[in-house]
């Protein structure tokens, strides 16, 4: 059996960014923002759990280090 990817990472990331925008919109009240933030937490908790349960891969540490360095560079550019 082959592997079939039936999701779009860019779409998922865009949806999460929209949630973030709604959480920070001055047009929304805390009654709207807080439930959205709770959903962001639920996504974070699920991802943390699932990532922890997956195996380690050969290039994983290097890839994570590169992402962290990119993040640091972005922070320093601001």
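The values are calculated or read from the model by the stated rules, or taken from the named source; none is laboratory data. No experiment lies behind these values; they were computed from the predicted model shown. Cβ sites come from the backbone with ideal geometry, for glycine too, and all protein chains shown count toward neighbours.
Each row is one residue, and each column tells you yes or no for (1) under 19 Å from residue 9 (Cβ atoms); (2) modelled with pLDDT of 95 or more; (3) within 15 Å of the chain's Cα centre (by Cα).
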position	(1), (2), (3)
25	no, yes, no
35	no, yes, no
38	no, yes, yes
45	no, yes, yes
50	yes, yes, yes
59	yes, yes, no
63	yes, yes, no
66	yes, yes, no
Quiz item: Which of the helices (runs of 4 or more DSSP H) contained wholly in the chain include at least 1 residues that are in contact (Cβ under 8 Å) with a residue 24 or more places away in the chain?
Solution: 9-24, 30-53
